[in-house]
1. Name the residue that is modelled with the lowest pLDDT, counting only residues in the stretch 73-87 that are farther than 12 Å from GLN103 by Cβ and either part of a loop (DSSP other than H, G, I, E, B) or of a type in the set (A, V, I, L, M) (or both).
2. Name, by its number, the condition in (1) over 18 Å from PHE28 (Cα atoms); (2) touching a strand residue (DSSP E or B) at 6+ places or on another chain (Cβ under 9 Å); (3) at pLDDT below 95; (4) not basic (Lys, Arg) that does not hold for ALA244.
3. Is it true that SER259 is touching a His at 6+ places or on another chain (Cβ under 7 Å) and either surrounded by fewer than 23 Cβ atoms within 10 Å (Cβ to Cβ) or at pLDDT below 95 (or both)?
4. If you go through the stretch 48-65 one residue at a time, how many are surrounded by fewer than 22 Cβ atoms within 10 Å (Cβ to Cβ) and either of a type in the set (Phe, Trp, Tyr) or modelled with pLDDT under 95 (or both)?
5. Name the pairs whose Cβ atoms lie under 7 Å apart, with the first residue in the stretch 183-209 and touching a residue at least 40 places away in the same chain (Cβ under 8 Å), the second part of a helix (DSSP H, G or I) and basic (Lys, Arg), and 6 or more positions between them or separate chains?
6. Within the stretch 91-109, track down each residue that is buried (at least 24 other Cβ atoms within 10 Å of the Cβ) and part of a loop (DSSP other than H, G, I, E, B).
7. Residues that are within 17 Å of PHE61 (Cβ to Cβ) and out of contact with any Lys or Arg (no Cβ under 7 Å at 6 or more places or on another chain): which strands (runs of 3 or more DSSP E) entirely in the stretch 122-232 hold 1 or more of them?
8. Would you pick out the residues in the stretch 1-38 that are among the charged types (D, E, K, R) and either farther than 18 Å from ASP197 by Cα or assigned to a strand (DSSP E or B) (or both)?
Amino acid sequence: MTRRPPRILLVQARDPGDPMLAHERDCFARRSGLPAESLRPVNILHGLPSEADVQWADAIFAGGSGDYSVVGDGPAWIGRAAGWMARIAHAGPPVFASCFGVQLLAVGLGGSVIHDPAGREVGTYPLNLTSAGRADPLFGTLPPRFHANCGHHDRVAEPPSGAVVLASSEACPVQAFKLDGRPVYATQFHPELDLADMNVRVRRYADNYLRTDDERREFRKWFGPTSPEVDDLLRAFVARHAGAGRAIGEGAASGDAASTSA
């Protein structure tokens, strides 16, 4: 029986012409072990994914956004996208959201996000699993203390109702959460980015995240090796929740019962 790769809807939030649109797709594909053509990008600056997009997908990835914030009075598309994320989280395919994605999901589900420049994390940081993280089938594959790449100055202050916090860092108590009873994961850290990718991303958005000329010269020193289990996290998510190995011709709906269990 011929099998097809899982199909992933990639929700993006970047300006037209931003080279990080293609870079982000490549990073998610590589870290999830999928060919790039298995990811269908939809830039929510231009409109929400269609129902056909959602029905096509075995899972949804939601990525970062170096130029936008969910805090304050932002563009109208942010509110619409947050509401869409909440609806998908409760009744759509499995979701893995990172960085801006975790913030968009948190706000959509009723949590809160703050701008916290004093708690900015740009670099490779030690994170700690919570007891819930250690017990989670996906995050439990990580060591209790692990290293991951971060790049943010906003953070989730209050997780939404029904969210279980899985990991934290010193500056960011909500580094990851899962929606209870649903295969919906969200991380402030970037499991999709390795050292080289982080260098590319930080250079692109340096005006937003680096404060001084010294920081522009020195930021590469802030990054180091990430934990191997972090590097494999998206691949593990796909294997567990995105219907890996589905037969060609078998629709996404036929796997819903299995994929919506925790």
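The values are calculated or read from the model by the stated rules, or taken from the named source; none is laboratory data. The structure displayed is predicted, hence computed values, not measured ones. We place every Cβ from the backbone using ideal geometry, glycine too, and count neighbours over all the protein chains shown.
1. Filtering the stretch 73-87 down to residues farther than 12 Å from GLN103 by Cβ leaves 73, 75-77, 79-80, 83-84, 86-87.
Then drop every residue that is not either part of a loop (DSSP other than H, G, I, E, B) or of a type in the set (A, V, I, L, M) (or both), which leaves 73, 75-76, 86.
Numbers: ASP73: 87, PRO75: 94, ALA76: 95, ALA86: 97.
Only one residue tops the list, namely ASP73.
2. (1)
3. Yes: the conditions hold for SER259.
4. Of the residues in that region, 1 qualify.
5. Cβ pairs passing all conditions: PRO191/ARG31; GLU192/ARG31; LEU193/ARG201.
6. Scanning the stretch 91-109 gives PRO93, PRO94, CYS99.
7. Numbers: elements: 145-152, 154-158, 163-168, 176-179, 184-187.
Where strands (runs of 3 or more DSSP E) fall fully within the stretch 122-232 and carry at least 1 residues being within 17 Å of PHE61 (Cβ to Cβ) and out of contact with any Lys or Arg (no Cβ under 7 Å at 6 or more places or on another chain), they are 145-152, 176-179, 184-187.
8. First, pick out the residues of the stretch 1-38 that are among the charged types (D, E, K, R): 3-4, 7, 14-15, 18, 24-26, 30-31, 37.
Selection gives ARG3, ARG4, ARG7, ASP15, GLU37.
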